[in-house]
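K.L.:
Quick one: the structure is below, questions incoming.
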Amino acid sequence: MQPVIQSGKEIQTDTLLRQSLSSQVVENVVSRLRWISLVCAVLAIISFVLYIWFQPERFELLRRPDIMVVWAVALFVALAIGACHRFRWLSDPALLNLGILFEVLMAFALSYSETSQQISSDRTTLGVSKVALWITAMGFLVPNKPRVKLLTALLSASMWPLAYIVNLHFQDFYLLPSNRLVLWIYPPYMMALLTYIFSRRTYKLEAAAQKAQDLGSYTLVSRIGSGGMGEVWRAQHHMLAREAAIKLIRADLVAGRTEAQTETIRRRFRREAQTIAGLQSPHTVYLFDFGVAQNGNFYYVMELLDGVSLQVLVDQFGPQPAARVAHILKQVCLSLEEAHMQNLIHRDIKPSNIFICNFGIEYDFAKVLDFGLAKNVSTSDTLLTNDGVSAGTPAYMAPEIAMGEERIDGKVDVYGLGCVAYFLLTGTPVFAEKTATATALAHVQKVPDPPSLRSELDIPGALDEIVLRCLSKKPAERPGALELKRALDACDLSAWTPEAARDWWATYLPTTSSHRLARQACPAQPVSQP
């Protein structure tokens, strides 16, 4: 068990400046860059329209082919950044590098427009170049490593003299006196140096913030997903070459709550960790460590799974063959049987809480996740539900839970697993009502269709019967978890072999797949994991 987090050795400034930006910072910066690029594109178009209406003589100048080409290239890069971020065509680090090109191109476009007319040498220079303002804005809104930011800012500042020289050569302008040139040139360079100074300060603060996020022997790398009462982060062990998943209490969940409410959330979170720690089935997510963060919140460290949830499996690849479904269900039964033997009920069995993984040399290795709603039926101790956290999921909720019955047992998990089986076989939930309340009532009142009536895949009658038995309204008519496994073993199904599983993964989920959780540097959508 890790003690309260220690601060560790102090990191020198030079070391901080050599580190890379954390993936979370890169994600935030790139998202901001996308909006900046799109806003620049829109403002440029609006400016051209305003020139047409209010200053047509200026518009005639801007219609010069060379100016149009310069702005077209800059706007193309701006729109490309927006499209690449929206459709995930490039990774965030690659987009950040593209942002450097965009910053320099926009500086050149602004400079080229400013120098496209002869600058009078006998008139007082008022204000500063737009390039200085652009460098300042990008320095604050799109931070980067200090040395990279300095180089980018200096290149952007150099676009003004470059654009001036180009126009001077091709437009036959006369050269300004040195005192006038300095008044135009020095502000961009001055802001470039100030941007570097601010970048160093910002970078040190970011490094300190990252250090503050270190939990015990682990450093937070990037957020994987959020849901329920926790958020999950990818983490790296300081000494070992091993990644892990760390679950923290969501900051927004405790914000604005009383101390008593916050303590209830912490107790419930701590109980979840203790529940997982007491389970040894290889098909239950494994807990490595737990401790207390500097803010007093509890965290725990789990194995980082290389795979997909059953929700993602069906959403991306459709209904699954009966043999594979039975193979997955039997593994889940082993996890649930151990929990039930310890008088623990999961209460939230659903596709997003079950993962299939590449586990060592095995494929389709099932893991049951998220015991946040677990209840110990041998005591009156329940992991209390707080505001905003539902006791189960309506589409997978047993009738007795929907009716609010207090005396429940492991059969509620078997009912949820029957709903999961139905979803895997058909690609649809058992009941698809318009509201959560109507869905919960359907589980109480309606009789489900056999899965074979909802699927074009071949589903043996014996498997139909097993699933419908799990979905019985009366708990006594449902099998226990181990009894369900035995029924699936006895079901006349072709075997889902290790070779078949390995071939499927090689075809549909290779190591390069963005769907595999452990392969994602920054998932586009939240992934459900405890």
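K.L.:
Return the residues of region 359-375 that are in contact (Cβ under 8 Å) with a residue 12 or more places away in the chain and either within 13 Å of V332 (Cβ to Cβ) or out of contact with any strand residue (DSSP E or B) (no Cβ under 6 Å at 6 or more places or on another chain) (or both); say none if nothing qualifies. Steps first, answer last, please.
P.N.:
We begin by selecting, within region 359-375, every residue in contact (Cβ under 8 Å) with a residue 12 or more places away in the chain; these are 359, 362-375.
If the condition is that a residue be in contact (Cβ under 8 Å) with a residue 12 or more places away in the chain and either within 13 Å of V332 (Cβ to Cβ) or out of contact with any strand residue (DSSP E or B) (no Cβ under 6 Å at 6 or more places or on another chain) (or both), then E362, Y363, D364, F365, A366, K367, V368, L369, D370, F371, G372, L373 are the ones that fit.
K.L.:
Using the structure shown, decide if E27 is among the charged types (D, E, K, R) and either modelled with pLDDT of 85 or more or under 27 Å from P161 (Cβ atoms) (or both). Break it down into steps so the answer makes sense when it comes.
P.N.:
Values: among the charged types (D, E, K, R): yes; either modelled with pLDDT of 85 or more or under 27 Å from P161 (Cβ atoms) (or both): no.
No: the conditions fail for E27.
K.L.:
Does any residue in region 251-264 that is more than 17 Å from Y299 (Cα to Cα) come within less than 8 Å, Cβ to Cβ, of a residue that is in a helix (DSSP H, G or I) and at pLDDT 75 or above six or more places away or on a different chain, and which pairs are these?
P.N.:
Filtered contacts from region 251-264: R257/I265.
K.L.:
Looking at region 406-447, which of its residues are of a type in the set (K, R) and either under 23 Å from N376 (Cβ atoms) or touching a residue at least 40 places away in the same chain (Cβ under 8 Å) (or both)?
P.N.:
Keep residues of region 406-447 that are of a type in the set (K, R), which gives 407, 411, 434, 446.
R407, K411 - these are the residues of region 406-447 that are of a type in the set (K, R) and either under 23 Å from N376 (Cβ atoms) or touching a residue at least 40 places away in the same chain (Cβ under 8 Å) (or both).
K.L.:
Another question, if that's okay. What is the number of the single condition among (1) surrounded by 22 or more Cβ atoms within 10 Å (Cβ to Cβ); (2) closer than 16 Å to L38 by Cβ; (3) among the aromatic types (F, W, Y) that Y112 does not meet?
P.N.:
(2)
K.L.:
Something else: Being outside any helix (DSSP H, G or I) and in the same structural domain as I459 (by TED's automatic domain parsing) narrows it down to one of Q311, Q320, Q280, Q331, so name that one. Even if it seems obvious, please write down each step before you answer.
P.N.:
Numbers: Q311 fails: outside any helix (DSSP H, G or I); Q280 fails: in the same structural domain as I459 (by TED's automatic domain parsing); Q331 fails: outside any helix (DSSP H, G or I).
Exactly one residue qualifies, and that residue is Q320.
K.L.:
Any residue that is in contact with a Leu (Cβ under 8 Å, 6 or more places away or on another chain), at pLDDT 90 or above and within 27 Å of D370 (Cβ to Cβ) - is there at least one of those in region 487-505?
P.N.:
Yes, because at least one residue in region 487-505 is in contact with a Leu (Cβ under 8 Å, 6 or more places away or on another chain), at pLDDT 90 or above and within 27 Å of D370 (Cβ to Cβ).
K.L.:
Note down all Cβ pairs under 9 Å where the first residue falls in region 336-356 and is assigned to a helix (DSSP H, G or I), the second is acidic (D, E), and they're at least six residues apart or on different chains.
P.N.:
L336/D413; A339/D413; H340/D409; H340/D413; P351/D315; S352/D370; N353/D370
K.L.:
For region 416-440, enumerate the residues that are within 24 Å of E456 (Cβ to Cβ), assigned to a loop (DSSP other than H, G, I, E, B) and more than 27 Å from the chain's Cα centre (by Cα). Steps first, answer last, please.
P.N.:
Initial filter on region 416-440 (within 24 Å of E456 (Cβ to Cβ)): 417-433.
Remaining after also requiring assigned to a loop (DSSP other than H, G, I, E, B): 427-433.
Listed by number, the residues that qualify are V430, F431, A432, E433.
K.L.:
Out of L141, L183, which single residue is more than 33 Å from the chain's Cα centre (by Cα) and among the hydrophobic types (A, V, I, L, M, F, W, C)? Please lay out each step first, then the result.
P.N.:
Numbers: L141 fails: more than 33 Å from the chain's Cα centre (by Cα).
The match here is L183.
The values are calculated or read from the model by the stated rules, or taken from the named source; none is laboratory data. Computed from a prediction, not measured in an experiment: that's the story for all the values here. Ideal geometry is used to build each Cβ from the backbone, glycine not excepted, and the neighbour counts take in all protein chains shown.
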